[in-house]
């Protein structure tokens, strides 16, 4: 009887176990099917990007069809055109489609193409405006960009207005996919997308009622570009702006103008330092009129021509990291451009920030045996366990100051400089 009950219980146990396993298997299958069949919920930004791609493809197809008709009707033909390679200055011959007929049918086809191009730009522009609103950083994070602008301009109370987030005015890296009538189409490449935040200052800068507009890289809060422009809704040359005077007069000497330029650059060592202190990159002085005692515009330019883009990619407008500053004859800022940070990927920026924080922490934890600093802001720290950390310091002597502050609790840390 006992043995019979034992077998009976054992059969029940195996039966329950089998049912349980079967239910688990069915549950996993159902869950997997549900996950794979469940529609993926897209964000509003993703939906807008999809719409932009759809419009671009739709109009691209229509334009291609018109170009096909232009070729068929003999409106355009391939011609040998001499072009200058931007990077090397080398001249070479390449094939480009050129207009060869002005017959009415050709004029109409060209108008169709131009109309389609404008329609595409308008529709995509509308979507870009919506995307800018959705992708803007929170106001609290934008304060870092505002602080960077105030520091560079030397005006801690400068009032600024956030305008939008968009593509940089003078930086684009991609792959050239089509050349036509002297122009070209550039395809975006993953990892090279860049966005900048646009700010305008409230105060006018001259008697023409112009203001400075700023472009800032939100990844590192570095200023990419500063240019002069008329703000929306302001009458050009309004009497209210007369008190702000001219950017060109009173005239300054060359030495005074140069001092102004380098004072600006010195306020942003974390972004300009690598160019300014590199012995391999010499600045070019480019006056608007050679030989003039007081050129209207005075430019200083640095170009890191040792930089090479990955094979097959093209950069517009500069093929390598470039730093420019233009000062007027009156010693006022006219233009600033710095693409050094834009050539860095997000991974490079994040990696350097992380390593620099590790170096600071290691010094404060008394783990560092020695440090080294170069003129180009490259720094390294040798730890007592033999590990070596390398990064770029935000400004010159940062690593030295941190090491000196830690000597009270850690003892002397050996420091070397280039």
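Points worth noting:
- Report note on the peptides 361-371, 57-67: ranked by the mean count of other C-beta atoms within 10 Å, highest first, their order is 361-371, 57-67.
- Protection proxy ranking, peptides 280-288, 294-302, average beta carbon neighbours within 10 Å, highest first: 294-302, 280-288
- Each Cα pair under 8 Å and six or more residues apart adds its separation to the average, and for region 247-301 the resulting relative contact order is 30 percent.
- With the simple spin-label model, which puts each label point 7 Å out from Cα in the Cβ direction, the residue 405 to residue 290 separation comes to 5.0 nm.
- Annotation: extensible slack from residue 308 through residue 133 equals 59.6 nm (criterion: 0.36 nm per residue apart, minus Cα-Cα distance).
- With the simple model of a label 7 Å out from the Cα in the direction of the Cβ, residue 246 to residue 155 spans 2.1 nm.
- Region 44-133: relative contact order as a whole-number percent, Cα under 8 Å and 6+ apart: 36 percent
- The ranking of 115, 232 by Cβ neighbour count inside 10 Å, starting from the fewest, reads 232, 115.
- Binning all Cα-Cα separations of region 44-133 at 10 Å, short to long from zero, yields these whole-percent fractions: 15, 30, 26, 25, 4.
- Contour excess over end-to-end distance, with Cα ends at residue 118 and residue 62 and 0.36 nm allotted per residue: 18.9 nm
- Taken over region 254-378, the convex hull of the Cα atoms encloses 147 Å³ per residue.
- Extending 7 Å from Cα along the Cβ direction at residue 254 and again at residue 417 yields two label points whose distance is 3.0 nm.
- Judged by the mean number of other Cβ atoms found within 10 Å, the most tightly packed of the peptides 196-203, 406-413 leads the ranking 196-203, 406-413.
- Counting 0.36 nm for each residue step from residue 364 to residue 282 and taking away their Cα separation leaves a gain of 25.8 nm.
Where a number appears in this text, it was derived from the coordinates with a stated rule and is not lab data. Just so you know, these numbers come straight off a predicted model, no measurement behind them. Glycine also receives a Cβ, built like all others from the backbone with ideal geometry; neighbour counts cover every protein chain displayed.
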